[in-house]
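The values are calculated or read from the model by the stated rules, or taken from the named source; none is laboratory data. These numbers were taken from a predicted model, which means no experiment stands behind them. FYI the Cβ positions are ideal-geometry reconstructions off the backbone, even for glycines, and counts take in every protein chain you see. Side chains are part of the model used for accessible areas, which takes the heavy atoms of the whole protein and leaves out ligands, DNA and RNA. Shrake-Rupley method; radii C 1.70, N 1.55, O 1.52, S 1.80 Å.
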Amino acid sequence: MAKAVTVEIVGFSYSPCGPFPCDGDRTCELEKCAPSEELVKAFEALKERLNHIYGDNVELKLTIIDDKVPDYIVEIVEKDHPPIPMVLVNGRITPIGRISLPMIRDEIDKVL
């Protein structure tokens with residue numbers, strides 16, 4: 001069975017998870033990765049939470065662009081100039097620009 005929604009996070013392995021500090025006021029609703037502010041740790045925390053909420057209906061993918069940038073990502077960057085980390089939902093760029101459970105959940109809910 002195909003997943004209903006694919007969420008792809010795109011960034012550098014050394015990128016922060018977003019533009020805001022990881023402190024007690026964070027709005028991302030992720031705790032397992034705190035206070036690292038690391039993209040890969042935040043992705044894993046997001047994946048765990050989304051799997052708990054949506055089960056098999058959501059697939060998460062992490063695309064690291066340290067060494068090679070896939071052609072479809074180059075096209076998105078040239079056209080939209082999105083912030084990093086990029087958040088794609090079913091291949092569509094979103095304006096989120098950070099790993100945030102509530103914001104990504106809202107994008108998923110629009111598709112489901």
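Here are the numbers:
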| item | result |
| --- | --- |
| Gain upon complete extension [K79, T6; 0.36 nm per residue less C-alpha separation] | 24.2 nm |
| MRE, 222 nm, helices only [DSSP H, n ≥ 4, -39500 (n - 2.57), over the chain, to nearest 500] | -10500 deg cm²/dmol |
| Model label zone, S13; criterion: amide N under 12 Å from point 7 Å along Cα-to-beta-carbon; scope the stretch 40-84 | 40, 64-68 |
| Mean Cα-pair separation over length for the chain, i.e. relative contact order, pairs under 8 Å, 6 or more apart, % | 41 percent |
| Approximate shape of the stretch 1-46 as ellipsoid semi-axes (Cα gyration tensor, √5λ), whole Å, largest first | 22, 13, 9 |
| Among (i) 0.96; (ii) 0.94; (iii) 1.02, the entry derived from the coordinates for Rg/Rh (Cα atoms, Kirkwood Rh) | (ii) |
| Among G11, L112, L101 the positive-end extreme of the charge dipole of the chain (Cβ point charges) | L112 |
| Whole-Hz ³J(HN,Hα) from phi, Karplus 6.51 cos²θ - 1.76 cosθ + 1.60, for the stretch 91-108, glycine and proline x | x, 9, 5, 10, x, 5, x, 6, 8, 9, 4, x, 5, 5, 4, 4, 5, 5 |
| Label-point gap, in nm, between L112 and V69 - each point 7 angstrom along Cα→Cβ | 3.3 nm |
| Whole-number accessible area per residue in Å² for the chain, which is evaluated in the context of all protein chains at 1.4 Å | 58 Å² |
| Backbone N under 17 Å from the N57 label point (7 Å along Cα→Cβ), restricted to the stretch 81-112 | 89-90, 102-112 |
| Size of charge dipole - the chain - debye, nearest 20, with Cβ of Lys, Arg +1 and Asp, Glu -1, no other charges | 200 debye |
